[in-house]
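Student: Here you go, one structure.
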Amino acid sequence: MSLNNPIANMMSKILNAEKVGKAECRTAPCSRPGEKLLNILKEKGYITDFTADHNTPGGIFIIKLAGKINKCGVISPNFNVHRDGYEPYEKRFLPAKGFGIILVTTAKGVMTHEEAISKGLGGRLLGYCY
């Protein structure tokens with residue numbers, strides 16, 4: 001686990017908590033990219049809810065798990081992807097076409113690879129979840 005990558009720490013804590021069957025997990029520090037990533041996971045139904053507690057230094061995310069994550073992680077290094085170049089990464093990181101999401105940071109913000117394809121955007125790969 002990399003101590004210098006808060007997104008990687010968050011994803012691994014979520015995955016480990018899911019594997020042992022916990023109902024929630026806590027991860028620090030709070031960050032805007034982390035919050036956007038959790039919003040996407042909530043939209044897609046992978047987590048039920050999350051809150052940010054800013055009373056501690058750096059803040060803590062309290063994440064309520066739904067028990068629907070089989071695997072999630074970061075993509076390191078963050079590969080650059082053109083608007084029509086997502087397919088090789090779908091084959092590499094997802095188990096089947098149309099199953100799971102790849103998280104991408106674009107000029108329009110953090111979104112799934114499907115949204116980026118529909119909007120015609122390229123970007124940098126952040127992580128995956130299925």
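The values are calculated or read from the model by the stated rules, or taken from the named source; none is laboratory data. All of these numbers come straight from a predicted model, not from anything done at the bench. Quick reminder, even Gly has a Cβ in these numbers, built from the backbone with ideal geometry, and neighbours come from all protein chains shown.
Student: Say whether the condition of being crowded, with 18+ Cβ neighbours inside 10 Å, in the same structural domain as LEU125 (by TED's automatic domain parsing), under 12 Å from the mean Cα position of the chain (by Cα) and among the aliphatic types (A, V, I, L, M) is met by at least one residue in the stretch 21-39.
Tutor: No, because not a single residue in the stretch 21-39 is crowded, with 18+ Cβ neighbours inside 10 Å, in the same structural domain as LEU125 (by TED's automatic domain parsing), under 12 Å from the mean Cα position of the chain (by Cα) and among the aliphatic types (A, V, I, L, M).
Student: Another one. Please give the helices (runs of 4 or more DSSP H) falling wholly within the stretch 1-100 in which 2 or more residues are of a type in the set (A, V, I, L, M).
Tutor: The helices (runs of 4 or more DSSP H) meeting that bar are 6-20, 32-43.
Student: A follow-up question, please. Quick one: count up the residues across the stretch 95-124 that are under 15 Å from MET11 (Cβ atoms) and more than 10 Å from the chain's Cα centre (by Cα).
Tutor: Matching residues across the stretch 95-124 total 2.
Student: Further question: When you look at ARG32, is it over 19 Å from HIS113 (Cβ atoms) and either touching a residue at least 24 places away in the same chain (Cβ under 8 Å) or in contact with a Lys or Arg (Cβ under 6 Å, 6 or more places away or on another chain) (or both), yes or no?
Tutor: no
Student: Separate question: With the requirement that a residue be crowded, with 16+ Cβ neighbours inside 10 Å and either in a strand (DSSP E or B) or in contact with a Cys (Cβ under 9 Å, 6 or more places away or on another chain) (or both), what does the stretch 101-125 give you?
Tutor: ILE101, ILE102, LEU103, VAL104, THR105, THR106, VAL110, MET111, THR112, GLY123, LEU125 - these are the residues of the stretch 101-125 that are crowded, with 16+ Cβ neighbours inside 10 Å and either in a strand (DSSP E or B) or in contact with a Cys (Cβ under 9 Å, 6 or more places away or on another chain) (or both).
Student: Could you tell me which residue of the stretch 60-76 is surrounded by the fewest Cβ atoms within 10 Å (Cβ to Cβ), considering only residues that are over 12 Å from the mean Cα position of the chain (by Cα) and not aliphatic (A, V, I, L, M)?
Tutor: At the first step, the residues of the stretch 60-76 found to be over 12 Å from the mean Cα position of the chain (by Cα) are 60-68, 70, 76.
When the remaining residues are screened for being not aliphatic (A, V, I, L, M), the result is 61, 64, 67-68, 70, 76.
Numbers: PHE61: 22, LYS64: 13, GLY67: 11, LYS68: 14, ASN70: 13, SER76: 13.
In this case the residue turns out to be GLY67.
Student: Out of LYS19, LYS36, LYS64, report the one residue that is basic (Lys, Arg) and within 22 Å of THR106 (Cα to Cα). Outline the logic, then answer.
Tutor: Values: LYS19 fails: within 22 Å of THR106 (Cα to Cα); LYS64 fails: within 22 Å of THR106 (Cα to Cα).
Criteria check complete, one pass: LYS36.
Student: Among the numbered criteria (1) out of contact with any Ser or Thr (no Cβ under 8 Å at 6 or more places or on another chain); (2) surrounded by 17 or more Cβ atoms within 10 Å (Cβ to Cβ), which one does PHE79 miss?
Tutor: (2)
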